[in-house]
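Data block below; observations after.
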Amino acid sequence: MAERTALLERAPVMAPPPRTLTGLLRGLLRTARPRQWVKNVLVVAAPAAAGRLFTPYAFGRLALVFVLFTACAAAVYLINDARDAAADRAHPVKRHRPVAAGQVPVPAAYAVGGTLGVLAPAVAAWLCSVPVCALLTAYLGMQLAYCVSLKHVLVVDLVVVTTGFLMRAMIGGLALGIPLSRWFLITTGFGALFMVAAKRYSEAVQMAGKAGATRALLTEYTTGYLRFVWQLAAGVSVLGYCLWALEEGGVPNAGLLPWRQLSMVAFILAVLRYAVFADRGTAGEPEDVVLRDRPLALIGLVWLAMYGLAVANW
């Protein structure tokens, strides 16, 4: 609390830019973090794992779920930025966020965020199912609690962010009524924890000695502890994936090769490749690592091809 008060006292008084409707809409869109929407592609994870992705019904239902989850995430970002606007003005990077910079008024951010937060679960209950509505509501509650207090609690902050990824992966299965495999949940959950802990580790490494330039909680973690967490999570996710692939191997394979088992090689290589960036402390933006590293992208395509062949029994 003392650190937050100090930030507020140091926050410069900035004259808000002239407001127009176009500028307001652009500001709201920027606050919704379009670059982060790629995370919501995880809604296809469970249907893809079950081989039920490419049907007109599944495609339409998953597109709707993607939009609804994106709306919930945008609601959280809007409310978070409105709540932290004063503190963000003291941050060298966050002060450029639309709400902190005055492009989007704080009441407008609260209003739009609250509206999205109410409408998304309501639409889910109407057009999807009660379980989907319940999961979206739980996601909103958890993320808002994170914004208010949980992000300041050691370990719990890692668990909350990881659970958000796991919920994304679960909701597609709930929307299509697909039973969720225990190995799927273990692999997805610990894979997410691997990336989250690697991100925190990278932030801690890059911001070492720069007090006040990053989230205060990082100063309470040691780089050794964060390294332990991402290494443990990487190992468990690999083990879970291998057990899943080998379990499925008990079913007669109609294809030319055991593609599902062979996909373990690509999965392990992907984890090892990502771990290179985690070890260097350059995995602070997971989406940039995944999208910009060509070897990792190639490994991902190979894995996708192997899995597709397994589903098609080729």
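Quick note: the coordinates plus some simple rules give every number you see, no bench work behind them. What you see is a predicted model; the values in this text were computed from it and never measured. Reconstructed Cβ throughout: ideal geometry from the backbone, glycine too, with neighbour counts over all protein chains shown.
About its Cα centre, the dipole of the chain is roughly 600 debye, where the only charges are +1 on Lys and Arg Cβ and -1 on Asp and Glu Cβ. Counting neighbouring beta carbons within 10 Å and listing from fewest to most, the residues D288, D293, D88, D81 come out as D288, D293, D88, D81.
So if each residue of separation counts as 0.36 nm, and I subtract the Cα-Cα distance between E220 and R26, what length gain in nm does that give? Intermediate values should be presented prior to the final figure.
Values: separation 194, 0.36 × 194 = 69.84 nm, distance 3.63 nm.
Result for the pair: 66.2 nm of gain on full extension.
Over every pair of different alpha-carbon atoms in the chain, take the mean of 1/r and invert it; report that Kirkwood radius in Å. Across the chain, the inverse of the average 1/r is 21.1 Å. Angle of helix 259-280 to the longest C-alpha principal axis of the chain, folded into 0 to 90 degrees and rounded to 10: 30°.
Here the Gaussian network model covers the chain, with springs between Cα atoms less than 10 Å apart; of A124, A278, A58, A58 fluctuates the most.
Cross-chain or 8 or more residues apart, Cα under 19 Å: how many lysine pairs in the chain fit that? Count them up, please.
Details: K39/K199; K94/K151; K94/K199; K94/K210; K151/K199; K199/K210.
Total qualifying Lys-Lys pairs in the chain comes to 6.
When the Gaussian network model of the chain links Cα atoms closer than 10 Å, the mean-square fluctuations of M264, M207, M170 top out at M207. Shape class of the stretch 19-180 from the alpha-carbon gyration tensor: prolate, with a/c at 1.5 or above and a/b greater than b/c.
Please go through the stretch 25-109 and write out the chymotrypsin sites (Phe, Trp or Tyr not before Pro) that DSSP classes as loop and that have at most 14 other C-beta atoms within 10 Å.
Answer by residue number: F54.
Ranked by how many other Cβ atoms sit within 10 Å of their own Cβ, fewest first, the residues R182, R273 fall in the order R182, R273. Extension gain for V156 to V265 (0.36 nm times residue separation, less C-alpha to C-alpha distance): 36.0 nm.
Neighbour counts of other Cβ atoms within 10 Å put E287, E220 in the fewest-to-most order E220, E287.
Scanning residues 5 or more positions from L53 or on other chains, none has an amide H under 5 Å from its amide H, with H placed 1.01 Å from N in the peptide plane. The slack in the chain from R294 to L256, taken as 0.36 nm per residue of separation less the alpha-carbon distance, amounts to 10.8 nm. As a ratio to 2.2 N^0.38 Å, the alpha-carbon radius of gyration for the stretch 181-314 is 1.21. Helix 106-127 and the longest principal axis of the Cα set of the chain meet at an angle near 30°. With the helix formula -39500 (n - 2.57) applied to DSSP H stretches of n ≥ 4, the chain reaches a computed 222 nm mean residue ellipticity of -23500 deg cm²/dmol.
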